[in-house]
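This report refers to the structure that appears directly beneath it.
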Amino acid sequence: MEMDMEFVRKLPIPQEIKKEFPVGDQIRTMKQERDQEIADILTGKSEKFLLIIGPCSADNETAVVDYIHRLARVQEKVKDKIFIIPRVYTNKPRTLGKGYKGMLHQPDPEKAEDMLAGILAIREMHTRIARETGFTCADEMLYPENHRYLSDLLSYVAIGARSVEDQQHRLVASGIGIPAGMKNPTSGDIDVMMNSITAAQSPQTFVYRGWEVRTHGNPLAHAILRGHASKSGRSIPNYHYEDLQNLIREYAERDLENPAVIIDTNHSNSGKKYLEQIRISEDVMHSRNVSGDIRNLVKGLMIESYIEDGNQKIGGGVYGKSITDPCLGWEKSERLILELADLL
């Protein structure tokens with residue numbers, strides 16, 4: 001009987017890729033320093049505010065690196081108050097399994113899928129960003145078994161709304177050594193997210209990349225609120241004052257370390273109306289300024305931002321404009337970052 005799965009080629013393991021494309025001592029040291037500073041923010045040792053900001057999908061190396069150079073200049077202006085982690089998302093979940101799945105699958109969105117070229121392209125882009133801008137970035141952990149291709153470059157991972165209930169994501173998040181933000185699921189069930197944080201903070205034993213592995217648990221696993229959709233498909237936000245008070249209670253009921261949340265200002269919180277991200281960011285800052293408890297809980301924001309406002313179809317040809325969800329353009333993003341620093 002023929003197999004239903006065609007084995008195209010054996011891919012190099014992460015160790016081989018890291019050996020062939022090493023990051024070097026400078027980036028290694030820089031990542032250690034940044035990882036420590038992010039940990040200090042999430043554990044409350046530092047008063048700084050996290051800003052995870054960047055394109056919905058990192059679709060084009062030239063435009064993404066250009067965008068992050070711009071971020072580096074703004075980071076310099078707000079460095080006393082805000083710690084920026086660029087959002088460099090190289091793999092994208094597709095609800096129907098169709099369409100552009102990110103640079104990992106298609107280094108060129110207009111050409112066919114090529115996973116080996118994709119692995120090399122995303123490693124090269126993350127390395128180049130670190131080397132040129134001094135940033136180590138955030139990516140989505142869509143495929144837990146692929147994390148180690150980038151584990152020496154990333155400072156943050158997000159577990160998406162459709163992955164957060166998956167056991168493999170939870171167990172791998174328990175052993176990655178960097179913060180893992182767990183999004184609430186698309187149903188909005190906060191229990192699912194809290195269970196995910198509990199699993200990721202706990203020691204685990206499981207099978208990973210053909211090995212039996214053991215982890216010590218990840219004390220930096222935390223919540224990301226991204227809104228959800230009603231049964232009729234209407235967006236229901238969950239960034240409001242009452243939602244944050246509710247999350248404080250949820251954390252209090254469980255014996256979890258470092259209660260923390262990042263507010264995703266797009267997705268179902270904005271109903272994918274990208275300009276709403278500005279108002280939502282201001283609303284969250286207001287809640288932090290009104291309540292000390294909320295101030296302690298809300299450690300940062302996640303914002304979808306690129307060079308040009310909005311989005312376009314693949315092949316649209318506009319430089320620095322999203323080919324997935326619409327993003328806030330650069331001028332508005334820069335203004336918002338400076339405004340957030342004033343509100344802190």
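Taking segment 35-77 as the range and being in a loop (DSSP other than H, G, I, E, B), within 23 Å of GLY316 (Cβ to Cβ) and small (Gly, Ala, Ser) as the test, the residues that pass are SER57, ALA58. On inspection, THR95 passes the criterion of being among the polar types (S, T, N, Q), surrounded by fewer than 22 Cβ atoms within 10 Å (Cβ to Cβ) and modelled with pLDDT under 95. Just one of the listed residues (ARG226, ARG209, ARG162) is touching a residue at least 40 places away in the same chain (Cβ under 8 Å), under 17 Å from the mean Cα position of the chain (by Cα) and surrounded by fewer than 16 Cβ atoms within 10 Å (Cβ to Cβ), namely ARG162.
What residue, among those in segment 287-308 that are charged (D, E, K, R) and more than 17 Å from GLU334 (Cβ to Cβ), is surrounded by the fewest Cβ atoms within 10 Å (Cβ to Cβ)?
ASP293
Inspection of segment 125-132 identifies at least one residue that is touching an Asp or Glu at 6+ places or on another chain (Cβ under 8 Å), aliphatic (A, V, I, L, M), touching a residue at least 60 places away in the same chain (Cβ under 8 Å) and under 20 Å from GLY54 (Cα atoms).
Of the residues in segment 98-113, none is part of a helix (DSSP H, G or I) and either free of Cβ contacts under 8 Å to residues at least 60 places away in the same chain or not aliphatic (A, V, I, L, M) (or both). Any chance segment 280-287 includes a residue that's aliphatic (A, V, I, L, M) and under 18 Å from VAL192 (Cβ atoms)? For segment 280-287, residues aliphatic (A, V, I, L, M) and under 18 Å from VAL192 (Cβ atoms): absent.
The residues on offer are GLU140, GLU132, and the sole one that is crowded, with 21+ Cβ neighbours inside 10 Å, under 25 Å from ALA72 (Cα atoms) and among the acidic types (Asp, Glu) is GLU140. Here are ARG279, ARG254: which of them is in contact (Cβ under 8 Å) with a residue 60 or more places away in the chain, out of contact with any Lys or Arg (no Cβ under 8 Å at 6 or more places or on another chain) and over 20 Å from ILE178 (Cβ atoms)? The conditions single out ARG254.
The requirement of being acidic (Asp, Glu), closer than 26 Å to PRO259 by Cβ and either assigned to a helix (DSSP H, G or I) or modelled with pLDDT of 95 or more (or both) is satisfied by ASP139. In this structure, LEU328 does not satisfy being closer than 17 Å to LEU50 by Cβ, surrounded by 18 or more Cβ atoms within 10 Å (Cβ to Cβ), touching a strand residue (DSSP E or B) at 6+ places or on another chain (Cβ under 6 Å) and in contact (Cβ under 8 Å) with a residue 40 or more places away in the chain. The set of residues in segment 7-34 being part of a loop (DSSP other than H, G, I, E, B) and of a type in the set (A, V, I, L, M, F, W, C) consists of PHE7, VAL8, LEU11, ILE13, PHE21, VAL23.
The values are calculated or read from the model by the stated rules, or taken from the named source; none is laboratory data. Since we're looking at a predicted model, the values are computed, not measured. All Cβ positions, glycine included, derive from the backbone under ideal geometry; neighbour counts span all protein chains shown.
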